[in-house]
């Protein structure tokens, strides 16, 4: 036999198990997705009988259960969807939210009594002793604690879950096939299903880019470590690569930090945390877009810990200025300014969009929330109503503008629990007026 042909046959034989496994996973995923869509469709049809809200809540539970079965790609997609009130109902958000805040370690490595190969290589290179049980987990990666006997330092090693990149390729191909089928359903006419999947895929792949995340961690550390009482892990460059981020380990973190927080300290730190976000959004334009209590923590020493920089939005100068104008319009009851920004930043308008009606509805919305007291004003309620107006008029917000809005939504919700009397809106107003030039308020 020709040597080249024999070599090719050997390669084909070596790839065969991986190819077969990919087809099996894709087939299982497609069958699970079709079944999930069928159950969700049935619940939707039963909505008038059991109540629309209950139907949406049950659909959310079905989707959450399916995502857990289908694996990391679908869990991450659901996590992103749970932060998107412009795309899904509050009932669906509530059902999917636990996938974002409570992802258990896979146990994949512990069951085998060994570390992943990526960590074994890093441990050998750095002479590290690595604990075999993960101390934290997400849909894409897990975090292991390691000790460096030579220096005595404790290191956090964030490693991608096994085979996650291959799963992305197969899973998103399956999603696109299903989206192509759903696009032919009359009830989904005009719903940008394929565009939504493309957007989610881009976000998921960004979060799986560890070089990018390491760069974000360095940026937040260099920018805020000395300007604010902020703790950001230091990236250990020589031990980091495409699959592992090595960082300094932050001690003293636990899940119940909000419940254990001293109320006086909580009120003081709410102001500090809000100023940190305002500086990201209004002044710098590089935003940590996933500020839930597992990624922004407050220590009893009065320092803020910032973790997990995989979901970061970068606003252009124009986008940052437009967001400043929008917020300034909101706090001064200038509805025309708000409507202008919403139209300017929209990536798509519906075929029946009518500017006059849209401006009128925005004016009603802004006036209603401007009249509320600080205690009654809630960012979550305003954002929900705002996206409702945009949906009715067929306006799709740009991803970066949306990320800025959602960062406010997430942090305000957390600070309401930490310090119920904290006036988030007034804090933003004071920040903008104090830093008007830096924020670009008077820029042309």
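Nothing in this text is a laboratory measurement; each read-out follows from the coordinates by a stated rule. If you're wondering where the values come from, they're calculated on a predicted model, not measured in any experiment. Backbone-built Cβ (ideal geometry, glycine too); neighbour counts: all protein chains shown.
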For the residue pair residue 292 and residue 212, what label-to-label distance in nm results when each label sits 7 Å from Cα along the Cα-to-beta-carbon direction?
-> 2.0
Give me the distance in nm between label points sitting 7 Å out from Cα along the Cα-to-Cβ direction at residue 260 and residue 120, one decimal.
-> 3.6
In percent, what relative contact order does the stretch 254-444 have, based on Cα pairs under 8 Å that are 6 or more apart in sequence?
-> 31
Given a Förster radius of 30 Å and the C-beta distance between residue 49 and residue 348 as r, what FRET efficiency does 1/(1 + (r/R0)^6) yield to the nearest 0.05?
-> 0.30
Could you tell me the distance between the Cα centroids of the stretch 411-425 and the stretch 225-301, to the nearest Å?
-> 17
Could you give the nm distance between label points at residue 169 and residue 355, where each point is 7 Å from its Cα heading toward the beta carbon?
-> 4.8
For 254, 393, 288, what ranking results if the residue with the fewest other Cβ atoms within 10 Å of its Cβ goes first?
-> 254, 393, 288
Which FRET efficiency value, to the nearest 0.05, is calculated for residue 234 and residue 433 with the Förster distance at 35 angstrom and r the Cβ-Cβ distance?
-> 0.50
Give the residues of the stretch 335-370 whose amide nitrogen is closer than 16 Å to a point set 7 Å from the Cα of residue 398 in the direction of its Cβ.
-> 338-349
For 169-177, 403-411, ranked highest to lowest by mean beta-carbon neighbours within 10 Å, the order is 403-411, 169-177
